[in-house]
1. Kindly indicate the residue of the stretch 15-37 that is of a type in the set (A, V, I, L, M) and touching a Phe, Trp or Tyr at 6+ places or on another chain (Cβ under 9 Å) and also farthest from R63 (Cα to Cα) among those meeting that condition.
2. Test V14 against the stated conditions and say whether it is in contact (Cβ under 8 Å) with a residue 24 or more places away in the chain and out of contact with any Pro (no Cβ under 7 Å at 6 or more places or on another chain).
3. Kindly indicate whether L23 is free of Cβ contacts under 8 Å to residues at least 24 places away in the same chain and out of contact with any Leu (no Cβ under 8 Å at 6 or more places or on another chain).
4. On the basis of being basic (K, R) and either under 12 Å from the mean Cα position of the chain (by Cα) or loosely packed, with under 10 Cβ neighbours inside 10 Å (or both), does R63 make the cut?
5. Among the residues of the stretch 6-20, which ones are part of a helix (DSSP H, G or I) and more than 14 Å from A34 (Cβ to Cβ)?
6. Say we look at the stretch 44-68 and pick out the residues that are assigned to a helix (DSSP H, G or I) and touching a residue at least 24 places away in the same chain (Cβ under 8 Å); which of these is nearest to L9 (Cα to Cα)?
7. Looking only at the stretch 13-38, how many residues end up being at pLDDT 90 or above and surrounded by fewer than 11 Cβ atoms within 10 Å (Cβ to Cβ)?
8. For E41, all conditions in the list (1) in contact (Cβ under 8 Å) with a residue 24 or more places away in the chain; (2) part of a helix (DSSP H, G or I); (3) surrounded by fewer than 11 Cβ atoms within 10 Å (Cβ to Cβ); (4) not small (G, A, S) hold save one; what is the number of the exception?
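The values are calculated or read from the model by the stated rules, or taken from the named source; none is laboratory data. All figures in this text were calculated on a predicted structure; none of them were measured in a lab. Cβ sites come from the backbone with ideal geometry, for glycine too, and all protein chains shown count toward neighbours.
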Amino acid sequence: MIDARAEALLEPVVRANTSVFALMGEAEEAALVARLAADLESGDWAERDADILALDALDVGCRILVAW
């Protein structure tokens, strides 16, 4: 089962343990969090990403390709 609680990303401790946030600057992260908060409050996130909520599993892992 996936954790489809997008609102968890509003918590700094959750973002601190999410690798993609380590790659962005503070301003970029703040803008993303503000957009997510607005989308969650308005219901836009749930409407736009309803297909994610219906999934039993979601693989969003990174892949490492090593070639010689």
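1. Within the stretch 15-37, the first condition is being of a type in the set (A, V, I, L, M), and the residues that meet it are 16, 20, 22-24, 27, 30-34, 36-37.
Next, only the ones that are touching a Phe, Trp or Tyr at 6+ places or on another chain (Cβ under 9 Å) stay: 32, 36.
On the way: L32: 24, L36: 26 Å.
Checked the stretch 15-37; the qualifying residue farthest from R63 (Cα to Cα) is L36.
2. Values: in contact (Cβ under 8 Å) with a residue 24 or more places away in the chain: no; out of contact with any Pro (no Cβ under 7 Å at 6 or more places or on another chain): yes.
So V14 fails the test.
3. Numbers: free of Cβ contacts under 8 Å to residues at least 24 places away in the same chain: yes; out of contact with any Leu (no Cβ under 8 Å at 6 or more places or on another chain): yes.
Spelling it out, L23 is indeed free of Cβ contacts under 8 Å to residues at least 24 places away in the same chain and out of contact with any Leu (no Cβ under 8 Å at 6 or more places or on another chain).
4. Numbers: basic (K, R): yes; either under 12 Å from the mean Cα position of the chain (by Cα) or loosely packed, with under 10 Cβ neighbours inside 10 Å (or both): yes.
Judged against the criteria, R63 is a match.
5. Scanning the stretch 6-20 gives A8, V13, V14, A16, S19, V20.
6. Filtering the stretch 44-68 for residues assigned to a helix (DSSP H, G or I) gives 44-48, 50-53.
The next check asks that each one be touching a residue at least 24 places away in the same chain (Cβ under 8 Å); those that pass are 45, 52-53.
Values: W45: 13, I52: 15, L53: 16 Å.
So the residue we want is W45.
7. Number satisfying all stated conditions: 4.
8. (1)
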